[in-house]
Amino acid sequence: MTSIEVLWDGDACTIRFTMTGRRVAGFMGIPATGRDTALPGITILRFEGDRTVERFSQADMLGLLVQIGAVRAGVAPTRRRRGGRPA
């Protein structure tokens with residue numbers, strides 16, 4: 001994990017990061033590709049003394065799913081009618 005930016009404001013800390021890795025194993029039925037992936041995100045922490053009392057994190061999971069081939073980029077899902085036929 002690489003911290004890109006760390007900001008402190010009183011008892012709160014915001015960390016913008018990117019996690020990187022290589023797909024060497026399958027995930028949710030999607031076979032491994034051997035390709036590198038990157039997952040950017042942000043975490044906000046609030047402290048009371050030396051303890052973390054709140055944590056909020058958000059990461060680009062859709063971007064990760066595109067990178068591993070689970071979702072095609074730029075393709076909207078097809079609406080389906082009852083019976084499975086496209087609308």
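One line per residue, one yes/no per condition, for (1) under 30 Å from Asp9 (Cβ atoms); (2) among the small types (Gly, Ala, Ser):
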{"position": "Gly41", "(1), (2)": "yes, yes"}
{"position": "Gly49", "(1), (2)": "yes, yes"}
{"position": "Arg55", "(1), (2)": "yes, no"}
{"position": "Leu62", "(1), (2)": "yes, no"}
{"position": "Gly69", "(1), (2)": "no, yes"}
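Scanning segment 45-62 for residues that are exposed (fewer than 15 other Cβ atoms within 10 Å of the Cβ) and under 15 Å from the mean Cα position of the chain (by Cα) gives Phe56, Ser57, Gln58, Met61, Leu62.
Values quoted throughout were computed directly from the atomic coordinates according to the rules given, and no laboratory measurement underlies them. Source: prediction; values computed, not measured. With ideal geometry, Cβ positions are generated from the backbone for all residues, glycine too; neighbour counts draw on all protein chains shown.
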